[in-house]
Amino acid sequence: MEMLLSGNQALARGIYEYGGEFASAYPGTPSTEILETIARFFKDDVYAEWAINEKVALEVAVGASYGGARSLAAMKHVGLNVAADPFMTLSYTGVNAGLIIVSADDPSLHSSQNEQDNRFYGKFASIPVLEPSTSQEAKDFVKHAFEISEEFDTPVLIRVTTRICHSKGLVTIGERKTVDRGGFEPNIEKYVMVPAYATKRHKLVIERLEKLKDYAEKSKLNQIEWNDKKVGIVTGSVAYQYAKEAMPDASILKLGIGFPLPMKKIKSFASEVDQLFVVEELEGFYEEMIAAEGIEVEGKKYFSNFLELNIDCVREGFVNAGVLDSSVLKTLPKTESVLPRPPVLCSGCPHRGLMVSLKKLGVYTTGDIGCYTLGGLPPLSQIHTCLCMGASIGHAFGIEKAGKTAKKAVALLGDSTFLHSGITGLASAVFNKSRITVVIADNKITAMTGGQDNPATLKTLMGEKTKPVDLVKLCESLGVEHVRTIDPYDLDATYSVLKEEVEREDVSVVITTRPCMLFPSKIRDIPYRVVTETCIACGACFRVGCPSISAAPETNEKGKHKSLIDTNTCTGCTICAQVCPTGAIVKVES
Amino acid sequence: MNNGTTNVLIVGVGGQGVLLASEILTEVAKNMGLDAKKSEVHGMSQRGGIVTSHVRFGKKVSSPLIPAGEADAILAFELAEGLRWVGQLGKDGVMIVNTQEIIPVITTTGKFSYPENIQEKISQLAGSPIFIDAFEIATKLGNFRLVNTILLGVLSKSLALDEKKWLEVIERMAPKGTGELNRKAFLEGRKYE
């Protein structure tokens, strides 16, 4: 039977079919649906959980592998930075049952803060990297990854990209098969990485890499499709699909194993074609290794390391290289540039009241990773830094200690982000006698990635009730003496509490209490409308940046547009009514 | 059509149902025994941003993305989005535009304004585009959420996919209890002139 599956669904299906028993992840676009699919369809056979962060996700997956379960840790590309500590030494200990780490990279930064190429992590840690190019391969490669993992005693990195994760294609469905790897067996020289044992293990890692190179030479995952020999292309992942469509007559060496490379195979392929190209997304990862072998090759000169590839830019690269006729390049008709639609905080988002209050206070906001970053764009413009998970706290503290900035900086991060990487920053700030204010926008969900539970919510990914972390008590136990909670729908109260805490000469934490209005279920109250006759077109409601508010056709005497509320989407949060100076925004009569 | 592959670009604004529409189209193509791929980006686009979905089907599909200017059909769920993407239409391609307007927050800053005379501008670039007020038809049928099924009905006339397969997939994928209504909406779109 065939099904239409996204790359993420296919990876989940692969974990199920090939005997996976354990999966842990922290949500992150474009990887999130892997665990959601496992939990939704396969939870009777595969245990799935949201971990507090990627480092923990990998550590428990390693434990599960040592304990005999074929395991998965899934994360977005930047998540592997968080998990890099266990990842690097995990290469030394190896595994018991097969262990897969999925890194979902995001070329073009569709939903990320950078576009790092995580194939380098494979080379960095001497861990093999598999790169599927379709949903079918995403499923199939799980099988190969488990087998390689167990045969070579190594974790395996499956590196996918947004276009693999979120594209759907046909996948042939099979039955589940399991393996028996026994339970955890103590082996001090393998599992206890103190210098004496780790030294021995490193030697084994170096030997393992040589064996993996031999495997890569023979593996069917690296395939040559012979065609015209004027042009030979080495490629992998989704770039293979673009290369194949752009150059249907060329010979292609498709790499399913992105690291280590089958260098003998590449050499022999290169010797048979007139000109060798590498088409790969992001960095010149294959190209550098191939060129280092003294093989004549072109790649990044024609195919940019900036943003994701597509057929058009691959065609253009081959035209510029002089091996494809320029008639394939289309000149698109000139169209009018249409206004942008940057993503915004949803109608009724509880972060809006917080943003409006912070703006009124005139502080800087060191931001973090989550929906509230959308408050950095006009008209709110109230996020001033955003670097990585949890960084908001360190930033605010650093700016304070540097002592050269007149305005105060307030750290802002969500519940899930605080638990992921904020606790350590806060403890460090208390310990080092900071005076910062940290705002935890606790909307009781991991919202940006589509509404996942986290350790401060009430249920696990398996759907069981659990004991949530008490954020107030947690902060108090870290030594924060002033922990306050606020309702961000109440602008006056939010402003006055924030003002008091920002002025305080001690670390303080302010926690908001309103849930996300989108997840786990949509929240709607009676909508509001604008009384056009009372509206003076002052623009105050425009400045709260709500997608339900737009310019009305009516204008005031100076020609400024009055406001209009879309009652189909307004959730009745009342923020705009609270900022309106003339009381022109009123509840729709039921 | 390029080497027997049909390319359909579906565009709109987050929350309009673009993703479900492309899901249905891809499933219908699959049920016709064709290879099919669909690609879109989730994430930030859900928060009122631009949504695009590429659907390709035929004997064998390689790239999940449609090459520039090679769409056989563009289905725009929103008027200005129709104007934004019309340049992607291939020779003899079909342009279908829902005339609904969704004005983004950014217009309140005064730095951007919603384009004017959009239908005229699209017509200059797209031969004979089909404009439809699907929102009004949906409201008449009793539920404004039927917009995407009506638009699929319009699209279905220009694609070589069986009506029976369309109806099967729509009834199966429609929210519980709305199968019959969605069937009606699809047929309403299919007879739209």
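Would you confirm whether any residue within region A:278-291 is farther than 30 Å from B:Val61 by Cβ, within 14 Å of chain B (Cβ to nearest Cβ), buried (at least 16 other Cβ atoms within 10 Å of the Cβ) and touching a helix residue (DSSP H, G or I) at 6+ places or on another chain (Cβ under 7 Å)?
No, region A:278-291 contains no residue that is farther than 30 Å from B:Val61 by Cβ, within 14 Å of chain B (Cβ to nearest Cβ), buried (at least 16 other Cβ atoms within 10 Å of the Cβ) and touching a helix residue (DSSP H, G or I) at 6+ places or on another chain (Cβ under 7 Å).
Select from region B:144-191 the residues that are part of a helix (DSSP H, G or I), charged (D, E, K, R) and under 16 Å from the mean Cα position of the chain (by Cα) and list them in ascending order.
Matches in region B:144-191: B:Arg145, B:Glu188, B:Arg190.
Confirm whether A:Glu281 is at pLDDT 95 or above, of a type outside the set (Ser, Thr, Tyr) and in a loop (DSSP other than H, G, I, E, B).
yes
Among the residues of region A:426-451 satisfying the criterion of being on the phi > 0 side of the Ramachandran plot and within 14 Å of chain B (Cβ to nearest Cβ), which is modelled with the lowest pLDDT?
For region A:426-451, the residue satisfying everything is A:Gly450.
Inside region B:66-78, can you point out the residues that are within 10 Å of chain A (Cβ to nearest Cβ) and among the aliphatic types (A, V, I, L, M)?
Result: B:Ile66, B:Ala68.
Among A:Ser24, A:Ser31, which is the only one that is buried (at least 24 other Cβ atoms within 10 Å of the Cβ) and part of a loop (DSSP other than H, G, I, E, B)?
A:Ser31
List every residue pair whose Cβ atoms lie under 6 Å apart, where the two residues are 6 or more positions apart in sequence or sit on different chains, the first residue falls within region A:440-456 and is polar (S, T, N, Q), and the second residue, located anywhere, is assigned to a loop (DSSP other than H, G, I, E, B) and surrounded by fewer than 22 Cβ atoms within 10 Å (Cβ to Cβ).
As it stands, the answer is A:Asn443/A:Pro515, since those pairs meet every condition given.
A quick yes/no check of all residues on (1) surrounded by fewer than 17 Cβ atoms within 10 Å (Cβ to Cβ); (2) within 23 Å of A:Leu518 (Cα to Cα); (3) not assigned by TED's automatic domain parsing to the domain that holds A:Pro547:
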site	(1), (2), (3)
A:Val338	no, no, yes
A:Val356	no, yes, yes
A:Ile369	no, yes, yes
A:Ser381	yes, yes, yes
A:Gly394	no, no, yes
A:Lys408	no, no, yes
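Within the group A:Gly14, A:Gly19, which residue is surrounded by fewer than 24 Cβ atoms within 10 Å (Cβ to Cβ) and touching a residue at least 60 places away in the same chain (Cβ under 8 Å)?
That would be A:Gly19, the only listed residue that is surrounded by fewer than 24 Cβ atoms within 10 Å (Cβ to Cβ) and touching a residue at least 60 places away in the same chain (Cβ under 8 Å).
Would you check if there is a residue in region A:508-517 being out of contact with any His (no Cβ under 9 Å at 6 or more places or on another chain), free of Cβ contacts under 8 Å to residues at least 40 places away in the same chain and among the β-branched types (Val, Ile, Thr)?
No, that holds for no residue.
Would you confirm whether or not region A:66-73 contains a residue that is part of a helix (DSSP H, G or I) and within 15 Å of A:Ile101 (Cα to Cα)?
Yes, some residue in region A:66-73 is part of a helix (DSSP H, G or I) and within 15 Å of A:Ile101 (Cα to Cα).
Going by the structure shown, is B:Gly153 at pLDDT below 95 and farther than 20 Å from B:Ile50 by Cβ?
Answer is no for this residue.
Can you tell me which residues in region A:536-577 are hydrophobic (A, V, I, L, M, F, W, C), facing another protein chain (nearest Cβ under 9 Å) and in a loop (DSSP other than H, G, I, E, B)?
Those that are hydrophobic (A, V, I, L, M, F, W, C), facing another protein chain (nearest Cβ under 9 Å) and in a loop (DSSP other than H, G, I, E, B): A:Cys541, A:Cys546.
Could you list, in sequence order, the residues of region A:337-369 that are basic (Lys, Arg) and at pLDDT 95 or above?
Selection gives A:Arg352, A:Lys359, A:Lys360.
What do you reckon, is B:Leu19 facing chain A (nearest Cβ under 9 Å), under 26 Å from A:Val338 (Cβ atoms) and in contact with a strand residue (DSSP E or B) (Cβ under 9 Å, 6 or more places away or on another chain)?
No.
In region B:128-140, how many residues are surrounded by fewer than 16 Cβ atoms within 10 Å (Cβ to Cβ) and within 18 Å of the chain's Cα centre (by Cα)?
Total satisfying the criteria: 3.
Looking at (1) over 17 Å from A:Leu358 (Cβ atoms); (2) in contact with a Leu (Cβ under 9 Å, 6 or more places away or on another chain); (3) in a loop (DSSP other than H, G, I, E, B), which one does A:Thr457 not meet, given that it meets all the others?
Just one mismatch for A:Thr457, condition (2).
Working only within region B:49-87, note down all residues that are more than 28 Å from A:Val344 (Cβ to Cβ), touching an Asp or Glu at 6+ places or on another chain (Cβ under 7 Å) and in a strand (DSSP E or B).
B:Phe57, B:Gly58, listed by residue number.
Could you check, for region A:510-528, whether at least one of its residues is of a type in the set (Lys, Arg) and not in a loop (DSSP other than H, G, I, E, B)?
No: region A:510-528 contains no residue that is of a type in the set (Lys, Arg) and not in a loop (DSSP other than H, G, I, E, B).
Against the condition over 30 Å from A:Gly28 (Cα atoms) and within 10 Å of chain A (Cβ to nearest Cβ), how does B:Gly58 come out, does it pass?
no
Of everything in region A:96-132 that's of a type in the set (A, V, I, L, M) and part of a loop (DSSP other than H, G, I, E, B), which residue is surrounded by the most Cβ atoms within 10 Å (Cβ to Cβ)?
A:Ile127
Strands (runs of 3 or more DSSP E) wholly in region A:139-245 with at least 3 residues that are more than 31 Å from the chain's Cα centre (by Cα), more than 14 Å from every other protein chain (Cβ to nearest Cβ) and modelled with pLDDT of 95 or more - which ones?
A:228-236
Just need a number here: residues in region B:93-132 that are within 27 Å of A:Val344 (Cα to Cα), within 11 Å of chain A (Cβ to nearest Cβ) and either in contact (Cβ under 8 Å) with a residue 24 or more places away in the chain or of a type in the set (Gly, Ala, Ser) (or both).
Total meeting the criteria: 8.
How many residues, within region A:197-214, are more than 17 Å from A:Met88 (Cα to Cα) and either in the same structural domain as A:Met263 (by TED's automatic domain parsing) or surrounded by fewer than 17 Cβ atoms within 10 Å (Cβ to Cβ) (or both)?
The total comes to 3.
The values are calculated or read from the model by the stated rules, or taken from the named source; none is laboratory data. Just so it is clear, the structure is predicted and the values come from calculations on it, not from any experiment. Cβ: placed from backbone, ideal geometry, glycine included. Neighbour counts: every protein chain shown.
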